[in-house]
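Report on one structure; see the data block that follows.
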Amino acid sequence: MSVAKKDYKRVTTNTLGEMKKNGDKISMLTAYDYTLAKIIDGGGIDVILVGDSASNVMAGHETTLPITLDQMIYHAASVVRGVNRALVVVDMPFGSYQGNSLEALSSAIRIMKESGGHSVKLEGGSEVIESIERILTAGIPVMGHLGLTPQSIYKFGTYTVRAKEEVEAEKLLADAKLLEKTGCFALVLEKVPAKLAQEVAESISIPVIGIGAGNGIDGQVLVLHDMLGMNHEFNPRFLRRYLNLADDIKVAVQSYVTDVKSSDFPNEKEQY
Ligand code: KIV
């Protein structure tokens with residue numbers, strides 16, 4: 001059952017701005033494949049992020065750095081095929097946009113052309129502003145990402161909360177305003193104090209979607225595999241689990257193994 005003030009049909013970048021104006025919260029989850037994208041789209045999710053967290057949850061890497069542009073395009077194209085209503089945002093992987101705005105543009109064009117995604121997301125503020133400007137000139141919508149930016153994990157050294165100190169908080173607020181002014185349609189804030197996140201959301205007109213950034217903002221995003229309980233090793237304070245799928249899958253597999261070994265499966269009705 002929806003608690004939104006308005007029934008939003010197909011979600012576009014403009015719809016998100018409208019939601020912010022109407023005070024309707026934005027729901028966003030990650031997906032990396034056709035089947036789960038189709039299920040969560042049918043469940044009414046507003047935005048599907050083809051996150052570079054695929055590097056962790058799909059490929060088992062420790063960080064998001066190894067995933068390639070080709071791999072992101074493969075995941076994004078699979079997701080797009082399963083989606084009817086949600087806005088699909090595709091993460092630009094590490095190394096595909098930093099430093100050279102022409103390369104950034106050609107990476108973003110490849111994502112849009114080859115995956116059919118609706119927009120891209122990239123991490124950083126003033127350091128990557130030329131890349132964002134260049135991508136926007138091609139008519140490609142850009143979502144920003146500030147706070148904990150996992151592609152910079154080797155600079156930060158840890159995954160702890162960002163912008164607790166005043167200098168970093170001021171830079172984050174300035175970057176958020178810069179991203180708005182440059183033309184980003186929305187912004188993800190990851191792991192920052194709730195008070196700062198609320199201040200950012202109240203200072204800019206574009207929607208601010210948080211992960212570990214409190215409730216005073218315009219929407220929330222979680223990694224699908226985390227909220228479905230597919231990974232017991234990852235237990236950050238901000239995570240709410242809605243299922244314990246790892247346990248349920250294990251029980252189902254154990255039952256299947258027992259049925260096969262005891263010759264209970266297949267029975268007469270399950271054969272030709
Ligand atoms: O890659 C990802 O899943 C993300 C979210 C954590 C926002 O960027």
It is to be established whether one or more residues within segment 68-81 are without any contact (Cβ under 8 Å) to a residue 24 or more places away in the chain, surrounded by fewer than 16 Cβ atoms within 10 Å (Cβ to Cβ) and either more than 16 Å from the ligand (Cβ to nearest atom) or under 13 Å from the mean Cα position of the chain (by Cα) (or both). yes
When (1) within 11 Å of the ligand (Cβ to nearest atom); (2) open to solvent by 40 Å² or more (accessible area, probe 1.4 Å) are applied to ALA54, the one that fails is (2)
I'd like to know if segment 189-199 contains one or more residues that are within 14 Å of the ligand (Cβ to nearest atom), open to solvent by less than 60 Å² (accessible area, probe 1.4 Å) and of a type in the set (Asp, Glu). yes
Limited to segment 215-240, what total is found for residues that are away from the ligand (no atom under 15 Å from the Cβ) and either within 18 Å of ASN56 (Cα to Cα) or open to solvent by less than 70 Å² (accessible area, probe 1.4 Å) (or both)? 5
Only one of (1) in contact (Cβ under 8 Å) with a residue 60 or more places away in the chain; (2) within 14 Å of the ligand (Cβ to nearest atom); (3) crowded, with 21+ Cβ neighbours inside 10 Å fails for MET19. Which number is that? (2)
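Test LEU148 against the criterion of being crowded, with 24+ Cβ neighbours inside 10 Å and within 11 Å of the ligand (Cβ to nearest atom), and give yes or no. Let's see the steps before the verdict.
Values: crowded, with 24+ Cβ neighbours inside 10 Å: no; within 11 Å of the ligand (Cβ to nearest atom): yes.
When the stated conditions are applied, LEU148 does not pass them.
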Residue list for segment 198-222, filter: aliphatic (A, V, I, L, M) and touching a residue at least 24 places away in the same chain (Cβ under 8 Å): VAL200, ILE204, ILE206, VAL208, ILE209, ILE211, ALA213, ILE217, VAL221, LEU222
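The values are calculated or read from the model by the stated rules, or taken from the named source; none is laboratory data. Because the structure is predicted, anything quoted here is derived from the model rather than measured. A quick note on method: Cβ atoms are made from the backbone with ideal geometry, for glycine too, and the neighbour counts reach across all protein chains shown. Accessible surface areas use protein heavy atoms only, side chains included; no ligands, DNA or RNA. Shrake-Rupley method; radii C 1.70, N 1.55, O 1.52, S 1.80 Å.
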